[in-house]
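Novice: Pasting in a structure now, in structure tokens, and then I'll have a few things to ask.
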Amino acid sequence: MREGFEQTPGADRGLVADEPPAPLWRLRSLAVAIFLACLLSVAAPLPSSADEEPQEVVFSDPLEPLNRLVFAINETLDMIILRPAALVYGAVVPGAVRRGVRNVVRHLSLPFTFVNDVAQGEWKRSGDTAQRFVINTMVGFAGLYDVAEKQGLPHRSTDFGSTLAAWGVGDGPYLVLPIAGPSNVRDAAGLLVQGVADPVDIAFRRAELDHMPLIRAGAATLDFRYRNLETLDDFKANSLDYYAFIRTLYRQRRAFEIDSGTEMYLLGGKDKSGDEYAYPPPRPDFSRDRPGQ
Amino acid sequence: MKPGKIVMRPLRLALFLPFLLFTVAGSAAADSGAGGFIQELATKVLPQLTDPTTPLEERKARFRQVLNRDFDLDKIGKLVLGRHWRRAPPSKRAEFRRLLEDYLSGLYAGRFEALAGLDITVDGVRDFEGWSMVYTTATRTEGAPVLLDWRVDSTDGKHAITDLVIEGVSMVIAQREEFSAIVLEAGGLDGLLLKLRTRIAG
């Protein structure tokens, strides 16, 4: 993901609406096709008149009124159900058990992560993901302990939305999904695909453990909410417009993960070698040899 | 992965990242480039703001000094207001600039503790025309390291921070999105100024 400068500038703009996504034929789900069609029609945000810096391109949120409504409903549900549940979870469940839950939840995500790594052509990462899965399955008691991390294979996640991005699909308008929260058309389509294609859930269903996918999703949600209790409280208390804050957080974070940069914000233009850059410019990968360490 | 998870890591970090903002802003004496500037701020100024033996009020005052000396608040103000800045008359610009300083000071003042024990290492620097990106990693005794990138503008050897990018999330962009939403909703800049005044007044 973070390959630094090797990324082709503008390769994944999310703004290019007129290029048909090559892999469309691979998607069998009608719902996905509909989503993509929708995406192609409305994805491109318009630049504002920019006479001096900063050149601005406004993020696409044509559904803002509806999104704000869903956001408010989600917030209410969070306030009366999820946040209290996370508080109780933190207070009642011992830390060792919570770590186990987290490890298992992450472990179960690896098979689908592997599929996506391969689909994105990320061979090295797919190998790491596979190794990690094997090590933690064998030595880590089916994922209960994260042995692989200590061996230099930290957890990494990706998803089908990222795969679509790697295939050239733009992100489309911002969406707030009921319960699932911040998303966009592309990532929502990715979520639909995950719903039917996650190998672990498929295995559960084949084994007639039909309730397991739901339990798994519940555990993942609880774990996520618990770990973000303080952070979200802080954001909510300190933001001036919580909806807008979460929206920008989601979009920027997503762009960072997909390594597309936040191209809609061109706070500069060219670097010293004359190459055009997005802002923030892609972060070089220092993880392998960090100077001065 | 549910999409919300994407936000997770920066969220956790973001709690204390803003503190970092303050943390790293410090003496401007370093002339060894933008990287040295950030490194020196991290090692010299951070401890001053997190030292529990110094009264909080004094640390707050120091932070405000740092904000004025090592951050380019004029430029940050322009960047976060975007097109609304260009349309605003000078009096409104001045008021916004003043409110922004108060707002940022207040926002981060309560978070100094979270910065204690933070170790900031410069990973590398990338130079652009007139500014540099200083890539750093912040580590604490517990928790995952946080990627912190500083946009440093340099004029005549004087460095000033104009943005902080936390795990890929630019604070300037975030603030601009938020402010812009408020301006749009209120139908003008006055709505944002009012909201800032209200927030600052507590």
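The values are calculated or read from the model by the stated rules, or taken from the named source; none is laboratory data. Just so we're clear, the structure is a prediction, and the values are computed from it rather than from any experiment. Counting neighbours? That spans all protein chains shown, and the Cβs are built from the backbone with ideal geometry, glycine included.
Novice: When you scan region B:120-195 for strands (runs of 3 or more DSSP E) that lie fully inside it, which ones turn up with 3 or more residues that are under 16 Å from residue B:42 (Cα atoms) and without any contact (Cβ under 8 Å) to a residue 60 or more places away in the chain?
Specialist: Once the strands (runs of 3 or more DSSP E) in region B:120-195 are filtered for at least 3 residues that are under 16 Å from residue B:42 (Cα atoms) and without any contact (Cβ under 8 Å) to a residue 60 or more places away in the chain, what remains is B:131-139, B:146-155.
Novice: Additional query: Filter region A:146-203 for residues that are among the polar types (S, T, N, Q) and away from chain B (no Cβ under 11 Å); which is nearest to residue B:145 (Cα to Cα)?
Specialist: Among those that are among the polar types (S, T, N, Q) and away from chain B (no Cβ under 11 Å), it is A:151.
Novice: Scan region B:143-157 and tell me whether some residue there is more than 9 Å from chain A (Cβ to nearest Cβ) and charged (D, E, K, R).
Specialist: Checking region B:143-157: at least one residue is more than 9 Å from chain A (Cβ to nearest Cβ) and charged (D, E, K, R).
Novice: Can residue A:164 be described as buried (at least 18 other Cβ atoms within 10 Å of the Cβ), assigned to a strand (DSSP E or B), within 15 Å of the chain's Cα centre (by Cα) and hydrophobic (A, V, I, L, M, F, W, C)?
Specialist: So residue A:164 fails the test.
Novice: Within the set of pairs 6+ apart or on separate chains, which have a first residue in region A:123-137 that is assigned to a helix (DSSP H, G or I), a second that is surrounded by fewer than 19 Cβ atoms within 10 Å (Cβ to Cβ) and of a type in the set (Ser, Thr, Tyr), and C-beta atoms under 9 Å apart?
Specialist: A:136/A:145
Novice: Out of the residues in region A:194-221 that are surrounded by fewer than 18 Cβ atoms within 10 Å (Cβ to Cβ) and in contact (Cβ under 8 Å) with a residue 24 or more places away in the chain, state the one that is nearest to residue A:179 (Cα to Cα).
Specialist: This residue is A:219.
Novice: Filter region A:241-270 for residues that are among the small types (Gly, Ala, Ser) and modelled with pLDDT under 90; which is farthest from residue A:69 (Cα to Cα)?
Specialist: The residue in question is A:269.
Novice: Hey, does region B:86-101 have a residue that's modelled with pLDDT under 90 and over 18 Å from the mean Cα position of the chain (by Cα)?
Specialist: yes
Novice: Of the numbered conditions (1) under 15 Å from the mean Cα position of the chain (by Cα); (2) facing chain A (nearest Cβ under 9 Å); (3) of a type in the set (Asp, Glu); (4) closer than 21 Å to residue B:78 by Cβ, residue B:177 fails exactly one; give the number of that condition.
Specialist: Exception for residue B:177: condition (1).
Novice: Applying the selection to region A:147-161, what residues are part of a loop (DSSP other than H, G, I, E, B) and surrounded by 22 or more Cβ atoms within 10 Å (Cβ to Cβ)?
Specialist: A:158, A:159
Here's the yes/no breakdown for (1) surrounded by 16 or more Cβ atoms within 10 Å (Cβ to Cβ); (2) closer than 18 Å to residue B:67 by Cα; (3) touching a strand residue (DSSP E or B) at 6+ places or on another chain (Cβ under 6 Å); (4) among the hydrophobic types (A, V, I, L, M, F, W, C):
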site: B:150; (1), (2), (3), (4): yes, yes, yes, yes
site: B:169; (1), (2), (3), (4): yes, no, no, yes
site: B:178; (1), (2), (3), (4): yes, no, no, no
site: B:184; (1), (2), (3), (4): yes, no, no, yes
site: B:192; (1), (2), (3), (4): yes, no, no, yes
site: B:195; (1), (2), (3), (4): yes, no, no, no
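Novice: Then there's this: Could you please find all residues in region A:222-231 being facing chain B (nearest Cβ under 7 Å) and buried (at least 20 other Cβ atoms within 10 Å of the Cβ)?
Specialist: Within region A:222-231, A:224, A:228 qualify.
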